[in-house]
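Peer 1: Once you've had a glance at the structure underneath, I'll fire off some questions.
The values are calculated or read from the model by the stated rules, or taken from the named source; none is laboratory data. If you're wondering where the values come from, they're calculated on a predicted model, not measured in any experiment. Neighbour counts run over all protein chains shown; Cβ positions are idealised from the backbone, glycine included.
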């Protein structure tokens, strides 16, 4: 939220001036999914993260292709609407607006359970993969905004528990500390240019 990605120094890493971005020697890379796959291949991570098995890898790719405008899109929309919109307008969030973005998220959560999770321990089968990691990271955005989407979804809650245990609960909590404290966010903690960007984005919806 400091706006460091808007500097000329950061432009050398990512001309789009967005995070995340990676610099590996003289090589630079943008987009979170591309970065994850690059790191998995470069450091030869355990096979379950991005399986060598053709069909298991296809399941991971399938989810990563779907999630951008679904889990990620609807989850971040709820987060931005519930946390940032009241900061930008100085007004309480209209209940009907919150209901609308919550329903959009609920639709894709149902699709996630029925299509991708089904009755499997993890998205690609019996072992955790990058797909599970990406999915849970995005689902923690609404949780950080105060919407506990796991509360009345036992299948989703059990999947979350398995992912947390596979990653390590302490590491999981540390990684999500910032987002889980988002409800305490105040406007003075956000760079002015970011506030303007979000204001334009949210008020036109």
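Peer 1: Take residue 88 and decide whether it is at pLDDT below 95, crowded, with 21+ Cβ neighbours inside 10 Å and assigned to a helix (DSSP H, G or I).
Peer 2: No; evaluated as a whole, the condition is false for this residue.
Peer 1: Under 9 Å by Cβ, and 6 or more places apart or on different chains, what pairs join a residue from region 153-170 that is over 12 Å from residue 121 (Cα atoms) with one that is at pLDDT 95 or above and not in a helix (DSSP H, G or I)?
Peer 2: From residues that are over 12 Å from residue 121 (Cα atoms), the pairs are 167/128.
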